[in-house]
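Novice: Okay, here's the structure, questions in a sec.
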Amino acid sequence: MNILVAEDEIDIRNLIKITLEDEGYSVITACDGIEALKKLKETPVDLAILDIMMPRLDGFNLLRKIRENSTIPVIFLTARTDDLDKVLGLELGADDYIAKPFSMSELIARVRAQLRRNNEYMLPKQENKTLLQYGDLTIDKESCCAYKNNEQIELNAKEYKLLLHLMENPERVFTKKQLYNAVWDDDYYYDDNTIMVHISHLRNKIETDSQNPEYIKTIRGLGYKLHKTGGYNEK
């Protein structure tokens, strides 16, 4: 698999490159955002590791460019650890956030986890050919596609898994930690903002009015649940 590492500090960039190559990955490096964007256009990439503070084009704006036509997993690797930076990165479509200083073993574990989840999302589950329906929403679990009123909804991997989990458990209230553990399949690394951001994105895509949601209800002091007057049907 090809991994892009965009990092302006040469020692860190080379250390990550050597470590990832020792794990069997093919690594493409860039010293700034403009070079990274050029290499993304030249070579298919399965995952990107981006520093935020880079010359010419920073990590946030590079991620904006990536998300215009790609859903590859993106890990931010940065010395900036403010909550606002984390929230902005997640809102732009980052999949993970690692603060410097960091251990190579942690980085490898995060890379493996993101690639595994992305592959599971991209590959259709041949053994499960059911349609899951709730109100006007439908999920085809074989093709990993979601629809509203028979029109496809464009979801990224985590949005799809979040909606699937809620549709498989309608009317059940989930805490933010429970949703994180179910969708990210990982320990609860982040604060509540991670779930709030993804719920907001999902509402923007499935609700007629995201400010007055018909499907994903907020249960104050507890979490969220999927609730709408109408039937739940799996066939």
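The values are calculated or read from the model by the stated rules, or taken from the named source; none is laboratory data. Predicted, not measured: the structure shown is a model, and the values here were computed from it. Heads up, the Cβs are rebuilt from the backbone with ideal geometry, glycines too, and the neighbour counts pull from every protein chain shown.
Novice: Do we have any residue at all in the range 82-96 that's modelled with pLDDT under 95, within 17 Å of the chain's Cα centre (by Cα), surrounded by 15 or more Cβ atoms within 10 Å (Cβ to Cβ) and part of a strand (DSSP E or B)?
Specialist: Yes, there is a match, as at least one residue in the range 82-96 is modelled with pLDDT under 95, within 17 Å of the chain's Cα centre (by Cα), surrounded by 15 or more Cβ atoms within 10 Å (Cβ to Cβ) and part of a strand (DSSP E or B).
Novice: Can you name the residue in the range 126-149 that is basic (Lys, Arg) and surrounded by 12 or more Cβ atoms within 10 Å (Cβ to Cβ) and, of all such residues, is modelled with the highest pLDDT?
Specialist: The residue in question is 148.
Novice: Could we say that residue 181 is at positive phi and of a type outside the set (D, E, K, R) here?
Specialist: no
Novice: Next question. Working only within the range 17-34, note down all residues that are under 22 Å from the mean Cα position of the chain (by Cα) and assigned to a helix (DSSP H, G or I).
Specialist: Answer for the range 17-34, where residues must be under 22 Å from the mean Cα position of the chain (by Cα) and assigned to a helix (DSSP H, G or I): 20, 33.
Novice: Test of understanding: among 107, 50, which residue is closer than 30 Å to residue 202 by Cβ and surrounded by fewer than 22 Cβ atoms within 10 Å (Cβ to Cβ)?
Specialist: 107
Novice: Still on this structure: Consider the range 54-81. How many of its residues are under 24 Å from residue 105 (Cα atoms) and either in contact with a Pro (Cβ under 6 Å, 6 or more places away or on another chain) or at pLDDT below 90 (or both)?
Specialist: 5
Novice: One residue is enough: does the range 23-40 have a residue meeting the conditions over 22 Å from residue 193 (Cβ atoms) and in contact (Cβ under 8 Å) with a residue 40 or more places away in the chain?
Specialist: Scanning the range 23-40 turns up at least one residue that is over 22 Å from residue 193 (Cβ atoms) and in contact (Cβ under 8 Å) with a residue 40 or more places away in the chain.
Novice: Where in the range 150-223 are the helices (runs of 4 or more DSSP H), entirely inside, with at least 3 residues that are at pLDDT 90 or above?
Specialist: Values: elements: 157-168, 176-184, 193-206.
Counting at least 3 such residues, we get 157-168, 193-206.
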